[in-house]
1. Charges only on Cβ, +1 for Lys and Arg, -1 for Asp and Glu: so what's the dipole of the chain about the Cα centre, in debye to the nearest 20?
2. What longest region of the chain stays clear of GluC sites (Glu not before Pro) that DSSP places outside H, G, I, E and B and that have at most 14 other Cβ atoms within 10 Å?
3. Given region 20-66 reduced to its alpha-carbon atoms as identical point scatterers, what log10 I(q)/I(0) does the Debye formula return at q = 0.14, 0.32 Å⁻¹?
4. Can you give me the long-range amide H partners of L69? Hydrogens built in the peptide plane at 1.01 Å from N, cutoff under 5 Å, separation of 5 or more residues or another chain.
5. So who's got an amide H within less than 5 Å of the one on Q55, skipping anything under 5 residues away but keeping other chains? H placed 1.01 Å off N, in plane.
6. Pop a pseudo-label 7 angstrom from the Cα along the beta-carbon direction at both A138 and L117 and give the gap in nm to one decimal.
7. Local charge sum around Q57 (other residues, Cβ-Cβ under 15 Å, Lys/Arg +1, Asp/Glu -1)?
8. Can you compute the modelled spin-label distance between F20 and D32, with each label point 7 Å from Cα toward Cβ, in nm?
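None of the figures in this text is laboratory data; all of them are computed from the coordinates on show. As the structure is a computational prediction, the values presented were derived from the model and not from experiment. A quick note on method: Cβ atoms are made from the backbone with ideal geometry, for glycine too, and the neighbour counts reach across all protein chains shown.
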Amino acid sequence: MTEFGVDVTADDIVDTLSFFDGWEERYKYIIDLGKELPPLADEHKTEQNLVRGCQSQVWLVSRLQDERLHFSADSDAFIVKGLLAVVLAAYNGKTPAEVSEFDIEGYFEQLNLLNHLSATRGNGLKAMVQRIQGIAAA
């Protein structure tokens, strides 16, 4: 079984997005990435797993296995699921130290992502990252 963020990496996403000329194609690819995320079981769509600061509903679940963090996530919005996929590609299957050391701002700059999101989507993206980094720090 494949695990998103382990089999599809941040480097894969950077490489693929560089092939597209316009943002319409890039958005479609990001939305398609979100469709590849395994569905999150309804039992995990709880208040405790809800990510605050996102315009849409976003749920994030983590587990530590073999000293590596594994995340599952879902959203009620297609583009947000795609953004979750972009974030999970950067962090899934990494040790807490690797999560903390990963240059997420540099990754987003490579993707030129924040310049093409609304302010509320950008804030939601940052909230997802902060939640994951908080889990890694704990």
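1. Values: 12 positive and 22 negative charges, 109 e Å.
The calculation lands at about 520 debye.
2. Details: sites that count: E3, E67.
That would be 68-138.
3. The calculated log intensity ratios at q = 0.14, 0.32 Å⁻¹ are -0.52, -1.12.
4. G93, K94, T95
5. G124
6. In this crude label model, A138 to L117 measures out at 2.2 nm.
7. Details: positive: K45, R52, K81, R121, R131; negative: D42, E47, D74, D76.
Once all neighbours under 15 Å are counted, the net charge is +1.
8. 0.9
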